[in-house]
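Read the structure below first, then the notes.
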Amino acid sequence: MRAIQRLLLLAEFVLLARCQQKPQVQISPPLEKIFLGDLILLRCGVSTDSEVTWYVNDTVQAQRNHTLKIEAAAPEHSGRYQCQHGNGSKSDDYPINVLGHAPSAALIIRTGQPVVRSGGSVVLQLDYDDGVKGWKCWVNTGEQTKTVRLRRSDEKAVSVSFQSNRLEVPESVFWCTNQELRSNQIRVRTSEKDVSLEMYPLPAVVGVSLTLKC
């Protein structure tokens, strides 16, 4: 009986320690710079059953989910982000600075559509006027970020194409980097529906026109 009581007390102590532990704001995809139109997900440490409160520049936000999703980043999203589990401690500030322009390198969908059937794929193309030698590409599927294998190209090539693996998750985010620069993101969603409404060429940004295709 005493052993059971000790185990219950230990479980309560562990739960209390987790609640009092200061959470950390984590960003996904892991981007060093955030450009206009980028998708970013902010997570409040380890997921728990408690309600999460988000703060931007010390102002409480309406969203109460563990993950704060910014669909298309803009300069007005810049600021200091914090989160809090229940009545526990607030996280440290997580600074976000959104640049008001797009990257100099361009990633486009060469073959395929922004919405594909589950199990489908797309062909993407990276274009950069100063050459694509030394560039790497990445894909984020929500929880994981992996490198994308690129075929070797001519030393002076200014573009390179690659095909994604089978897309099974609801949303995949692709982008490319070299040691200093980054391309724009390309988001590809999966759907089981026969008809889809798609946006071209990039996510909607306030003040920028877009094309819808059914």
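Each value in this text was obtained by applying a stated rule to the coordinates, not by laboratory testing. Predicted model, so just to flag it, every value in this text is computed and none were measured. Please note: Cβ atoms are built from the backbone with ideal geometry, for glycine as well, and neighbour counts cover all protein chains shown.
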Exposure-ranked with fewest Cβ neighbours within 10 Å first, TRP54, TRP135, TRP175 stand as TRP135, TRP54, TRP175
Rounded to 0.05, the calculated FRET efficiency for the beta carbons of ARG117 and ASN165 at R₀ = 25 Å is 0.95
Simple spin-label estimate for THR145/HIS101, 7 Å along Cα→Cβ, in nm, reads 2.3
Rounded to one decimal in nm, the spacing of the 7 Å Cα→Cβ label points at ASP130 and THR48 is 4.6
In order over the range 67-74: 3J(HN,Hα) from phi, Karplus 6.51/-1.76/1.60, θ = phi - 60°, whole Hz, x for each Gly or Pro, gives 10, 9, 9, 10, 5, 9, 5, 9
Of all GluC sites (Glu not before Pro) in the range 89-187, the ones in DSSP coil with at most 15 other Cβ atoms within 10 Å are GLU143, GLU155, GLU168, GLU180
Residues PHE35, PHE174 in order from fewest to most other beta-carbon atoms within 10 Å are PHE35, PHE174
